[in-house]
Ligand code: ADP
């Protein structure tokens, strides 16, 4: 249930509760006041009756001889009855001339020398009945019951009930509508906060801030300020970490180049143990590639990886890569050129080359001595399809979905044993670079038979082809992704 609905319901429930309480109170007060008025009227009627009565006891048979002037005060809705001490009915007012039983038998029983007020329902009518002893010359000679109809009270109470129910229902509906609107208005800034937070997540852009139109000192304003502060802090941390990574990768390149130069020099002058030199060289190559990958990653994550998009003849580029690949492969594996169509794509030649070199060095790395790595290019109308096929270790089928994840490596013991250990970064960067070219990459592989990595790049449209030799500069941002715990 949404917060808006919950707040609206709570408000409405509270109002309904207050209205009910108020209704019960009004009802009670009405009952109490009107009844008191009726009681006073009954009291006065009795006093008047007794005052103007003429009552006595027959000295011979102790029979009650009483003359009550019922007629004088008779009025509709007023009922009077006279009883002797035994409770036998002696006289009725005209309004109940045919009634041959007491208006309130219980009251008659209860009343001693006290006046007794009671509610009674007679023939479907609610009555207020006063039972009072008749005392003449200090002698208790009988009882008098005077009753008034409660029709007026009931009518007043019904009117109040209808008013309260109708008015209450209306008030609840109006309050619900108003409260829903007010809550919506009050919560609107929160909605903006949520939308901005979502945008920040979707765009991976920590530089965005929530723009709050309202007051900064209220609850929402303070929330926005704190959220923006947290974002600022995160942004600073994130960028300082990336800057650190970029600086380190840059700094590592110079000493690594120096080590490589010195190894070459030692080889040329015939100094040093060739096996140790091989080991130093292979480890240096590995570190150089790692530093390069880290640099690309750091630049890409901060959105500062520059790319120069232009017309690229894939066939020419593939030939250049083929030449480099043969040097990379040395005597370990044979590099062959398979199908070679012509294809024009829109992209950054250096980055496409980086993609292919990465795939080829993996193919060489994971193919045993004597194996073959074949490069191919086919023009498939809308797509230029580049394939790198090897006859190497292959990749277990369950690992394939993960090999493009950052820092993911298959079977670390295998790679370590073959001194082919990598960082697990290469393929994630390859995939990202291919996607930055609106292309895609897939792989088919069979363990111990070999793998084929296929890169699809969109062929240039006729419109782009006519643009001539334009260079389009772009800074590409890498989507932030969580790094798997297992590196
Ligand atoms: P690494 O630096 O470990 O090579 P990559 O991201 O380039 O990292 O590759 C991820 C994993 O994919 C590697 O650990 C390797 O096991 C597997 N892999 C990549 N290319 C091949 C290939 N041509 N043949 C077999 N396995 C491969």
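The values are calculated or read from the model by the stated rules, or taken from the named source; none is laboratory data. What you see is a predicted model, and the numbers here were worked out from it, not measured in a lab. Quick reminder, even Gly has a Cβ in these numbers, built from the backbone with ideal geometry, and neighbours come from all protein chains shown.
Miscellaneous remarks
- For region 247-285, taking the residues that are buried (at least 17 other Cβ atoms within 10 Å of the Cβ) and within 16 Å of the ligand (Cβ to nearest atom), the one that is nearest to the chain's Cα centre (by Cα) is identified as 249.
- Residue 367 vs. criteria in a loop (DSSP other than H, G, I, E, B), assigned by TED's automatic domain parsing to the domain that holds residue 430 and buried (at least 18 other Cβ atoms within 10 Å of the Cβ): yes
- Some residue of region 331-344 being more than 30 Å from residue 204 (Cα to Cα), within 48 Å of the chain's Cα centre (by Cα) and in contact (Cβ under 8 Å) with a residue 24 or more places away in the chain: yes
- Criterion: at pLDDT below 80 and loosely packed, with under 13 Cβ neighbours inside 10 Å - qualifying residue of 461, 475: 475
- Set 319, 295, 344, 375: member being surrounded by fewer than 19 Cβ atoms within 10 Å (Cβ to Cβ) and closer than 28 Å to residue 257 by Cβ: 319
- Lone qualifier among 405, 442 - being assigned by TED's automatic domain parsing to the domain that holds residue 363, within 16 Å of the ligand (Cβ to nearest atom), at pLDDT 75 or above and over 23 Å from residue 379 (Cβ atoms): 405
- Verdict on residue 103 being modelled with pLDDT of 85 or more and surrounded by 13 or more Cβ atoms within 10 Å (Cβ to Cβ): yes
- Region 386-402, residues that are touching a residue at least 24 places away in the same chain (Cβ under 8 Å), within 8 Å of the ligand (Cβ to nearest atom) and within 45 Å of the chain's Cα centre (by Cα): 394, 395
- Taking the criterion of being surrounded by 20 or more Cβ atoms within 10 Å (Cβ to Cβ) and assigned to a helix (DSSP H, G or I), the only residue of region 322-335 that qualifies is 325.
- Yes/no for residue 340 being in the same structural domain as residue 430 (by TED's automatic domain parsing) and within 12 Å of the ligand (Cβ to nearest atom): no
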